Each structure stands twice: as C-alpha cells, then as structure tokens.
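The values are calculated or read from the model by the stated rules, or taken from the named source; none is laboratory data. Quick caveat, the model's predicted, so the values are computed rather than measured. So basically every Cβ, Gly included, is an ideal-geometry build from the backbone, and we count neighbours across all protein chains shown.
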Amino acid sequence: MSGDGSPARPVYLIADLGGTTLRAGWARAGDLTVSGVRRVAVDGIARFPGLPTGELQARVVDQLVRLLGECSLAAPRSPSALAVAFAGPVGRTGTVVDAPTVWGRRGPELPLARILGREFAVPALVLNDVTAAGWRYAAPDGGEDDDYFCMVTVSSGVGNKVFRRGEVLLPADGRGGEIGHLRVDFAADAPRCDCGERGHLGAVASGRGALHAAGVQARRFPEAFARSVLSAACAGDPGRLSAQQVAAGVRGNDAFAVRTVTPGLRHLGRTLAALHTALGVGRFIVIGGFARAAGEPYLRLLGEEMTKASGFLLPPSEAAGLLQPGAPDDDDGLLGSLRCLERSGSPGAAVSRPALPADSTF
Ligand SMILES: [Zn+2]
C-alpha cells in the first residue's frame, strides 16, 4: 500500500534507442510521463564505425541493460514490465530484424524482448520507434470515432506507419511503413540510401537528402548560395553545412533553402498523396528532427506538393489541414512505448503471446 492507503501503482521501465542516443527512465502505471530520464550516446556504429555487427549488438545490449538497471534502482519500486522503442524493424515477438543506423550491416536477428525479459525477470515489449510514436497520438479509447492516421517521420531517413481505430495496420510479416525505400529518383547518380540502393525517398527527402541537395545547389548556383542564410551559417563553405541549418533556412523561408528541399518535398508529397488517395487516410502526423526544425513552412510546402499531385481529392484548403506537426519535443518513442505498454492490458502478453502490434519496419 502507498502512503495514502491506496494500492501502490506498478512501475515500468521505458527506453528509446535511436541511432545516436539512448534514453531511459521509469514511469508509474496510469501516468503519462517518464521520470528520471537518463541519456547516453549509443555504443553502436556511430561511435565505433569499424566494429563488426555482432560486437556492436553485444555492446548495445550491454549498454541498454546497464542503463535500464540504473533506472530500476532509481525507481520507487521494482518494475512490473518494461518497454523499448527501437530504431529498426522489429518482429512480432520483439525480435530486432535489422538496425542499419544502430549497428550497420545486417547481423543475426536479435531477440531483444526475450533477452531483456530474462535479465529483469519482467514482461518486456520491444517495438519499432515509429510505431511507438504512433501510440502516443492514437485515441486513448481505441477510437470510437474513425481514428485513422499516418505517422510520417522525416529525420536522417523517412518512414511511416498507418494506424486505424487503435491498431497499427501491418500484416503478420510486418511489411509496411517502408515509404523511405520507395525509389523516386531514377538517375544513375541519385543519392544513395542507408540500405545501399540509390534514389530512395529516404535518401532524397530526409534531412540527409536535404543536406546533399544543398551541397549540389551551392556548387551549381554559387551566387544564389552566397546570398542565402545557409552561406552565412557555414561561413560560405557548403561542406560545413548541417541538415539542421538547412531546416532552419526553410523555417525562415530562405529562398535558396526552400529551392533546395523542394525536389525531395515533391517526392514525399506525391507519396503521401498516393496514400491518401488509395486509403483515405485522414491525418498525417509529421515527426522527426528535420521536419520539426523546418517547422510550419515545411508542412505548408508539403501540403502544396500533395495538392499538386492529387488536386481532385485534395484541394489546397484540405491538404494543409491533413498535415499536423508532432509534439514539439523528442519524447515520441518514450511516451509512445509507455502508452503501448499500458494499452496492452496484460504486459505479459508481449512476451508469451504476440498480442501486441506487429512491428517490423522503420
Ligand atoms: Zn532504401
């Protein structure tokens, strides 16, 4: 019993493991916040680019166990369950299939939920990070109304997940949410994607794609570049630009920055228009570091491109209304995986029975 005589609420451990940053904390059942959040640089390929995949997997798992252990000690009581949002495809039972941004080349599948469940002796839920984000925005009651939306992330890559009435729409084998690997640029020298192929949406419309395009445009149009805020931001050397600086240029309506991102935005807008036209998805929630930094002007431009691609179904007034920004923080993975854990009712189901969302793409 707690101090006020009511039964003490269960405590959960929650983590968000991305390509560069691992964060973890604890939460009380029924609360919508994660407390005591610790943040460390991931011991993956970003820090140790030369190491083989198997060794990076071992390092990342050790680090995750260590950080969750610290959070467990800091929590007010022993945890009853844990959840991890993971930046890569995750199978139904919490097995990580692939994680190019975390440990590079594909290695053996990693049964992360089973490893963590055994380590902490609690039910463990591991889910894809874009799916986790979607649970943050899904209607709490499972959607009495037609809660039908598509998460879209624009950061170092591009990904999506469609949710409807409290379910993420994925088949048993988890195919889905892979718009980032749709080929949109068929030029022989199109930018290369994380997956190794050229011209994929994730290579063209991501923050990385915007940065690549800015470099190309700066060399082709040096005078226009010199007049732009991007030139001022990098002291005239496009090799020193960052994706965040390009995004800030878009947010400030800098003409050069807008022209730079427009081809990628056009491809993304056409892809989202196709989703809307085919499925009637009512809302697109746009998250990810690049989209967040580029702000409202980015969403407005994206809406314009959607209208150009599908003006019949999407007149200008409606396209803009379909696009919504995510929350102005970086907590989608933490809060979404907490929400998913709570929605699963019996967290034990996450381990023994694949009753939780089938997540398998990024
Ligand atoms: Zn790809």
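Asp147 passes every criterion in (1) more than 14 Å from the ligand (Cβ to nearest atom); (2) in contact with a strand residue (DSSP E or B) (Cβ under 6 Å, 6 or more places away or on another chain); (3) not aromatic (Phe, Trp, Tyr) apart from (2). Suppose the filter is under 28 Å from Gly94 (Cα atoms), at pLDDT below 90, within 10 Å of the ligand (Cβ to nearest atom) and charged (D, E, K, R); does Asp173 pass it? The answer is no for Asp173.
Counting the residues of segment 271-299 that are at pLDDT 95 or above and basic (Lys, Arg) gives 1. Contact map, segment 189-215: first residue assigned by TED's automatic domain parsing to the domain that holds Phe225, second residue near the ligand (Cβ under 10 Å from one of its atoms) and of a type in the set (Asp, Glu), Cβ cut-off under 7 Å, separation 6 or more or different chains; pairs are Gly202/Asp194. Answer with yes or no whether Val40 is part of a strand (DSSP E or B) and free of Cβ contacts under 8 Å to residues at least 40 places away in the same chain. Spelling it out, Val40 is indeed part of a strand (DSSP E or B) and free of Cβ contacts under 8 Å to residues at least 40 places away in the same chain.
Of the listed requirements (1) closer than 30 Å to Leu322 by Cα; (2) within 16 Å of the ligand (Cβ to nearest atom); (3) in the same structural domain as Ala58 (by TED's automatic domain parsing); (4) at pLDDT 85 or above, Ala132 misses just one: (2). Restricting to segment 5-29, give me the number of residues that are modelled with pLDDT under 90 and either of a type in the set (Gly, Ala, Ser) or under 9 Å from Leu338 (Cα atoms) (or both). Final tally of qualifying residues: 4. Helices (runs of 4 or more DSSP H) fully within segment 165-280 that include at least 2 residues being surrounded by fewer than 20 Cβ atoms within 10 Å (Cβ to Cβ): 207-220, 222-227, 229-233, 243-251, 255-279. Scanning segment 73-87 for residues that are in contact with a helix residue (DSSP H, G or I) (Cβ under 6 Å, 6 or more places away or on another chain) and either β-branched (Val, Ile, Thr) or assigned to a loop (DSSP other than H, G, I, E, B) (or both) gives a single hit, Ala87.
Would you point out the residue of segment 281-301, among those that are under 25 Å from Ser242 (Cα atoms) and touching a strand residue (DSSP E or B) at 6+ places or on another chain (Cβ under 6 Å), that is surrounded by the most Cβ atoms within 10 Å (Cβ to Cβ)? Step by step, filter segment 281-301, then rank; the result is Phe290.
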